[in-house]
Amino acid sequence: MVVSRKQNDGKFFQTVKRGEIQELKEELHSPDKGKQKDAVKKVIANMTVGKDVSSLFADVVNCIQTDNMELKKLVYLYVMNYAKAQPELAILAINTFRKDASDPNPLIRSLAVRTMGCIRLDQVVEYLLEPLRKCCQDPDPYVRKTSAICIPKVYDINPELVEDQGFIDILKDMLSDPNPMVVANAVAGLAEISEAMKQDLIDLNNKATIPKLLAALNECNEWGQVFILDALSTYIPTSAGDAESITERVTARLSHANPAVVLSAIKVVLKCMEYVENSETLRVLAKKLNPPLVTLLSSESEVQYVSLRNIRLIIQKRPGILSADVKMFFCKYNDPVYVKLEKVDIMVMLVSEKNYEQVLLELKEYASGVDVDFVRKSVRSIGRVAVKLERACERAISVLLELIETKVNYVVQEASVVVKDIFRKYPSRYEQVLTALCDNLEELNEPEAKASMIWILGEYAERIDKVDLILDQFLDSFHDEPAVVQLQLLTGIVKLFLKKPQQTQDMVSKVLKFATEESNNHDLRDRGYIYWRLLSTNPEATKRVVLGDKPGIRDDSQSIEKGLLEHLVLELAMMSSVYHKTADEFVTRLATTAPTIEPTTAAEEDELDEEDRQVRRKEVAHALEGSGAGALDLLDLGGDGPSSSGPAGPSPMPKVAVFNSTQAGQTGKTGFGVLANVTRESGQIKLNMTFSNGSPVPINGFAIQVNKNPFGLAPAQQLVVPDIAPGASAEASIPMAPGQLLSGTQPTNPLFLQVAIKNSLDIFYFNVPVDLAVLLVEGAALTRDQFTQVWQRVGDAQQSTISVSLSSSMDAETVKRFLAFDNVHYVAQRQVDGATLMYMSATTCNNCTITAEVSVPLGGGQVKIGTRTETASLVPIFEASVTKRLTTN
């Protein structure tokens with residue numbers, strides 16, 4: 001009967017008829033409880049599909065006085081939904097909530113407290129405190145557990161009140177509750193408040209606390225277990241015996257069906273293993289961690305991915321746990337590509353002299369696939385295995401040779417990069433691969449692959465036939481190549497000259513001329529001059545510099561800095577362990593305060609009454625209406641539309657140092673510097689950067705991420721940067737698309753863009769300053785009618801007026817021309833009391849309109865600028881931008 005009724009509830013979602021609101025109102029007041037319940041269900045259905053039924057609030061709340069539990073739940077659901085959007089309406093139901101909090105039925109008591117906690121309104125809190133305090137001591141555990149989780153919700157609304165009223169102490173007392181679910185919810189509540197207060201409220205050093213948590217662990221539900229295990233993971237055992245005792249109680253959770261419980265239990269065990277001194281106990285614990293980790297790999301793809309990201313941390317922390325199970329990470333044909341990529345990384349981390357044959361054969365199989373990204377990753381991983389294990393290098397080279405023979409473009413290119421790394425690690429060995437690479441030169445068209453091949457040609461010039469002819473082919477297209485190829489080609493030809501000076505005299509002269517006289521790249525030019533000076537003064541010193549021993553390399557591309565690793569292991573099963581970042585790096589807490597309207601700064605505006613304002617509006621409207629009367633020069637040069645004179649785009653800001661090479665990245669690495677600016681070119685916003693490498697190793701593998709921002713600027717394409725050699729630099733320019741990564745926050749003054757650059761060295765965070773002019777759109781001048789509508793809609797009361805002292809004498813035409821540089825467009829003008837009043841408009845890339853009245857005295861001097869916009873937070877930024885333009889020339 002119940003199933004049948006639930007299936008029929010779909011009828012409530014049928015299309016709403018005209019006039020149905022009135023019908024619902026009548027049904028809500030029906031004496032028939034069945035009709036009343038159906039009416040509330042219809043209201044909930046309309047609410048669910050997005051229809052505004054807030055007009056029925058009083059009628060729905062009237063139905064709350066009922067003994068029918070289903071009807072009461074529906075009404076509470078309605079109240080909770082509209083309390084978020086219209087919290088003032090929810091106050092109407094407060095008395096009912098307080099009454100229900102004392103109802104004999106524990107379900108109704110808990111429902112009332114939970115609903116009041118969900119009404120995010122400060123006025124409700126004072127009515128909630130006493131019922132909540134009473135429910136915390138309720139004889140029914142269901143009511144107590146609901147109250148425990150309600151306290152952090154109230155704390156979020158009014159922290160001071162919760163602390164003053166002693167609710168945190170009540171929550172601490174609930175840790176001793178005999179009911180395990182109450183304990184679990186108390187732990188969850190204290191953890192949430194602890195995060196907000198930035199201090200630990202759970203006293204785990206109290207000898208009685210840990211046994212109570214461990215006792216509750218066995219009896220509460222799965223999410224309660226997660227909360228308790230997360231709390232236990234922060235406990236520092238007092239002795240080895242204490243640590244062993246905790247692991248003994250927790251290891252039973254390793255076989256739980258919920259992956260969150262399993263990972264939280266693993267986190268506790270790993271923490272306790274730090275304090276266990278008995279090696280046999282450590283071996284047993286490591287053995288116990290193996291099966292649950294392997295079992296996680298049989299879950300659905302999304303859970304697999306989260307598990308794999310956590311497993312990478314666990315393997316780096318304790319490699320022995322999964323050292324014998326590399327086969328479990330072999331990819332299945334139906335694995336999503338994001339799972340496959342993670343598995344390949346873990347395979348390389350687990351590779352050893354015992355299993356490298358299996359791993360290389362598996363990677364060879366993957367390199368024959370059809371997914372380009374996965375194939376590239378597989379080929380690179382073969383190189384990582386070779387660099388990691390010298391014993392595996394011979395086999396890796398033979399696999400790479402077989403892959404090169406396939407002549408698949410992207411496989412050959414990745415193989416070229418990989419072989420370069422192998423030659424760096426093992427110089428003068430495995431030269432049999434040189435012939436295969438030289439036979440496939442026509443396949444190379446990517447900068448990184450070309451640069452790697454040129455490095456090999458220069459390094460092994462004496463062992464390759466006709467190497468001068470091969471490099472000469474690259475030299476023919478020198479000016480068309482990216483900077484990374486040009487730099488490598490310059491070095492490669494200098495190496496060739498030092499080894500074969502007689503045959504390559506003309507070639508080295510040609511490349512040095514290209515680099516020093518015909519290139520605009522500073523790094524290339526500087527390197528060319530250095531080589532030229534060295535070759536002309538001391539050839540022997542040049543050999544020692546250019547042909548000297550190279551520093552060894554090792555594969556640490558997937559390793560995490562020790563301090564960060566320790567932190568992430570303590571946060572297994574959380575988002576930090578998936579992103580491999582601390583929470584502060586990706587969690588943004590936004591202020592919820594309403595934006596304030598900038599007050600007018602003109603003292604006389606405060607004294608204007610409504611009549612004065614009406615007169616003022618008419619004056620402006622008259623000035624913006626046609627130009628036939630002759631008294632007003634409304635449009636520039638007598639035209640009928642906005643002026644198009646003057647440059648259309650803003651003058652670019654120079655690049656500034658946003659990250660110095662002495663600053664440390666996320667994991668503490670230094671040596672990476674960034675110069676950057678944001679410009680607008682031909683209607684396109686661009687982020688321009690110059691990267692410099694002050695570290696002793698090449699930097700590659702670049703990726704960019706931009707934080708959410710008020711204008712939604714986001715990269716319109718991937719960041720492509722060639723390898724940057726030590727001491728070199730590279731340029732990058734990325735188009736930015738507005739409206740993509742909106743933060744929902746007000747813009748700051750000054751404006752800036754938060755950027756993260758990831759590369760093989762580290763992850764680096766910095767702010768790039770942004771000029772408002774870059775965000776203003778070309779050719780977006782308002783018509784006179786549009787200007788008048790915005791100007792009058794904002795009104796005098798919200799106008800902000802400033803005075804700007806000009807750096808030089810300017811007339812109205814000069815001011816208009818200067819503002820045009822920044823895409824502030826002319827609309828109209830008129831003469832008033834010895835001054836020219838110009839009306840200007842600007843539109844941001846996210847369609848916010850700014851209007852301004854610029855008053856320029858006929859004899860020069862101070863310019864007055866009155867700004868009106870419906871986006872009040874833009875006013876100080878616009879004023880600062882205009883002031884900068886008019887005072888800097």
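Annotations for the structure displayed:
- For Kirkwood radius over Cα pairs in Å, the value calculated from this model appears in (i) 37.8; (ii) 32.1; (iii) 33.8 under label (iii).
- Here region 472-525 is treated as a sphere whose radius is the Kirkwood value from Cα pairs; by Stokes-Einstein at 37 °C and 0.692 mPa s it diffuses with a coefficient of 296 µm²/s.
- Shape call, region 426-467: gyration tensor on alpha carbons, a/c limit 1.5: prolate
- In this structure LYS708 has an accessible area near 130 Å², from a 1.4 Å probe over the protein heavy atoms.
- Cα gyration tensor shape of region 179-229, rounded if a/c is under 1.5, else prolate or oblate by comparing a/b with b/c: oblate
- With a Förster radius of 30 Å applied to the C-beta separation of SER279 and TYR338, the computed FRET efficiency comes to 0.20.
- Each residue, ALA240 and ALA58, gets one label point 7 Å from its Cα in the Cβ direction; the gap between the two is 7.5 nm.
- Ranked by solvent-accessible area (1.4 Å probe, protein heavy atoms only, all chains present), the residues HIS479, HIS580 order from largest to smallest as HIS479, HIS580.
- Per-residue surface analysis assigns ARG525 an accessible area of about 60 Å², computed on protein heavy atoms at 1.4 Å probe radius.
- Rounded Å value of the spacing that divides the Cα centres of region 29-72 and region 690-747: 53 Å
- Cα gyration tensor, region 764-889 - rounded (a/c under 1.5), prolate or oblate: oblate
- In this view, the solvent-accessible surface of CYS848, computed with a 1.4 Å probe and all protein chains in place, comes to about 30 Å².
- Linear extension gain, GLN786 paired with SER428, 0.36 nm per residue minus alpha-carbon span: 121.5 nm
- Per the Cα gyration tensor, region 145-236 maps to an equivalent ellipsoid with semi-axes of 21, 14, 11 Å, ordered largest to smallest.
- Listed residue (SER760, ALA842, GLN798) projecting farthest to the positive dipole end of region 740-853, Cβ model: SER760
- D (Stokes-Einstein, µm²/s), Kirkwood Cα radius, region 409-542, 1.002 mPa s at 20 °C: 142 µm²/s
- When each of the peptides 115-124, 196-205 is scored by how many other beta carbons lie within 10 Å of its residues on average, the order from highest to lowest is 115-124, 196-205.
- Placing unit charges on the Cβ atoms only, positive for Lys and Arg and negative for Asp and Glu, gives the chain a dipole magnitude near 2260 debye about its Cα centre.
- Spatially proximal lysines relative to LYS420 (Cα-Cα < 17 Å; intrachain offsets below 8 disregarded): LYS377, LYS388, LYS450, LYS495, LYS550
- If you plug the beta carbon distance of GLU248 and VAL545 into 1/(1 + (r/R0)^6) with R0 = 45 Å, you get a FRET efficiency near 0.10.
- For region 224-289 and region 817-865, distance of Cα centres in Å: 69 Å
- Using bins of 10 Å that start at zero, the share of Cα-Cα pairs per bin across region 444-510 amounts to 24, 60, 17, 0, in whole %.
- In region 125-283, lysine pairs closer than 15 Å at Cα, eight or more apart or cross-chain: 5
- 18 Å Cα-Cα reach of LYS327 towards aspartates and glutamates, excluding residues that sit fewer than 8 places from it in its own chain: ASP335, GLU342, ASP345, GLU353, GLU357, GLU362, GLU365
- Residue order for SER194, SER692 - accessible surface, 1.4 angstrom probe, largest first: SER692, SER194
- Charge tally in the Cβ shell below 13 Å around VAL143, where Lys, Arg are +1 and Asp, Glu are -1, VAL143 excluded: +1
- With R₀ fixed at 41 Å, the C-beta to C-beta distance from LYS288 to MET69 puts the FRET efficiency at about 0.35.
- Spatially proximal aspartates and glutamates relative to LYS425 (Cα-Cα < 15 Å; intrachain offsets below 8 disregarded): GLU390, GLU394, GLU459, ASP549, ASP555, ASP556
- For the residue pairs LYS42/LYS99; LYS500/LYS543; LYS343/LYS669, the alpha carbons lie more than 21 Å apart in LYS42/LYS99; LYS343/LYS669.
- Largest to smallest accessible area among HIS522, HIS825, HIS256 [probe 1.4 Å]: HIS522, HIS256, HIS825
- Shown for the chain: the carbon plus sulfur share of the solvent-accessible area, taken with all protein chains present and a 1.4 angstrom probe, equals 50%.
The values are calculated or read from the model by the stated rules, or taken from the named source; none is laboratory data. Owing to the predicted nature of the structure, the values given are computational and were not obtained by experimental measurement. When we count neighbours, we look across all protein chains shown, and the Cβ atoms used for this are built from the backbone with ideal geometry, even at glycine. The accessibility values were calculated without ligands, DNA or RNA, using every heavy atom of the protein model including side chains. Shrake-Rupley method; radii C 1.70, N 1.55, O 1.52, S 1.80 Å.
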